[in-house]
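The values are calculated or read from the model by the stated rules, or taken from the named source; none is laboratory data. Only a predicted model underlies this, so the values are computations on that prediction, with no experimental measurement involved. When we count neighbours, we look across all protein chains shown, and the Cβ atoms used for this are built from the backbone with ideal geometry, even at glycine.
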Amino acid sequence: MTTQDNKARPESSTISDFAKRHSLSQSTVYRLIRDGDVVITKIRGLTRISQNDAGLWLNSLQTSNKKSTR
């Protein structure tokens, strides 16, 4: 596999990695998933959160913070 192949592949995180990266407990991440705030992808029984979906979740936080400060 070449470096170019790696760049073409979308990045993803495990639930544990996502929780650590965003300073959340795993229980909170599962709650966010259950409530539909974070989208997961299942790959052969493995649960992943894509970088794109993580970014959408972060953007939704920034949007809701802007609305609540007005």
Next item on the list: Residue by residue through segment 1-52, note down the ones that are at pLDDT below 95 and among the acidic types (Asp, Glu).
Entry: 5, 11
Checklist line | Selection count, segment 10-47, where residues are assigned to a helix (DSSP H, G or I) and either among the hydrophobic types (A, V, I, L, M, F, W, C) or surrounded by 10 or more Cβ atoms within 10 Å (Cβ to Cβ) (or both) | finding: 14
